[in-house]
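Here's the structure, in structure tokens; my notes come after.
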Amino acid sequence: MTLTRNVIHRDFLSMGDVSGAEARAVLTAAIALKSGELRPDLTGRSLVLLLEKPSLRTRVSFELGMRRMGGQSLSMLPQEVGLGGREPAADVAQVLSRYADVIAARVNAHRTLEELAATASVPVINALSDLEHPCQTLADLQTILERLGGLQGVTVCFIGDGNNVAASLAIGCALVGARFRIASPAGYELPDGVVSRAGAIAAAEGGIAPELLTDPRDAVTGADVVYTDVWASMGQEEERDRRARDFQGYTVTPQLMELARPESVFMHDLPAHRGEEVSDDMLEHPRSIVFDQAENRLHAQAALIAMLLGALPRPG
Ligand code: CP
Ligand code: NVA
């Protein structure tokens, strides 16, 4: 992925597919799009979203984001496409490249995204895989930037599973100079590959390598952002009971928030399981910014798509 002025070329499968400068350019454009200062024109351009899993935020924000910019969008459900079953991902990507200007896909296996990207002649965007959820991270970083006024040196602590959301956030923090700490029970740590990738990015960008902890209280103490996600992700439903036992003590509560900085914020990508990773009252807590995060999916993805399609006005 390279940036020529304000145009990003090719795929966005991982948060690590952009540089720190590119990530900041997307965030700046997202904020300008949100305020109405920037109005990309995507008339005649189209996006196809392939879904192998359920979605509210991702589907609606991709679809309405395209329409707000004058473009068109179409979502395809698993039973309609049969990605990798009825038709190989490589063939699906070549066909869709003849119809659409950009493909987004929410997949069970990250490998499917790589197969799509290998033969697509248009950009492919990761709309969530088992490994990463980079579009969520763009919206999260935008929300932190708006709320705290900056990203450099901000301490983001993640409580729970070292999953797709945590992985993209760890890499995103490394890209923009934020400090990322994660507290997970044994066996649920951030994957080694993600830790090493985020560490390498931090070294290259002058950022901070992720810190792996086990005690949620250690992670939250002094944090600017407290973030959590479900203990059992989509596709792990049969592990829900075991995970509920293994994650005991990892629930984010107002009491845990008291250890964070007084001006800290609480974040969750949603949907949330109240009574598991969050107490019943956490989403409505005065420090919760979870619905701002959800809103920013619209703006951050619109900025990403506009940059991928070269539809932002060039800087003067
Ligand atoms: N946060 C998120 O991606 O939500 P959906 O699964 O509803 O798209
Ligand atoms: N980790 C969750 C995120 C949902 C947006 C999942 O993969 O189900």
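For the reader, a short list of remarks on this structure follows.
- Within region 182-198, considering residues that are of a type outside the set (Gly, Ala, Ser) and more than 17 Å from the chain's Cα centre (by Cα), the one surrounded by the fewest Cβ atoms within 10 Å (Cβ to Cβ): 192
- In region 107-132, residue farthest from residue 289 (Cα to Cα) [restricted to those that are within 12 Å of ligand 2 (Cβ to nearest atom) and in contact with a Ser or Thr (Cβ under 6 Å, 6 or more places away or on another chain)]: 110
- Helices (runs of 4 or more DSSP H) (entirely within region 208-316) containing at least 1 residues that are of a type in the set (Val, Ile, Thr): 216-220, 290-308
- Residue check, residue 37 part of a loop (DSSP other than H, G, I, E, B) and among the acidic types (Asp, Glu): yes
- Region 55-94 - residue that is within 16 Å of ligand 2 (Cβ to nearest atom) and among the charged types (D, E, K, R) and, of those, farthest from residue 306 (Cα to Cα): 57
- Any hit, region 72-85, residues being within 20 Å of the chain's Cα centre (by Cα) and of a type in the set (D, E, K, R): no
- When we screen 198, 203 for residues that are touching a Pro at 6+ places or on another chain (Cβ under 8 Å) and over 19 Å from residue 290 (Cα atoms), the only hit is 198.
- Selection of region 133-154 for residues being more than 10 Å from ligand 2 (Cβ to nearest atom) and in a loop (DSSP other than H, G, I, E, B) yields 149, 150, 151, 152, 153, 154.
- Each residue in region 92-144 was checked for being within 16 Å of ligand 1 (Cβ to nearest atom), surrounded by fewer than 21 Cβ atoms within 10 Å (Cβ to Cβ) and closer than 24 Å to residue 20 by Cα, and 2 pass.
Throughout, read-outs are computed from the coordinates displayed, never taken from laboratory work. Everything numeric here is computed off the predicted structure, so don't read it as measured data. We place every Cβ from the backbone using ideal geometry, glycine too, and count neighbours over all the protein chains shown.
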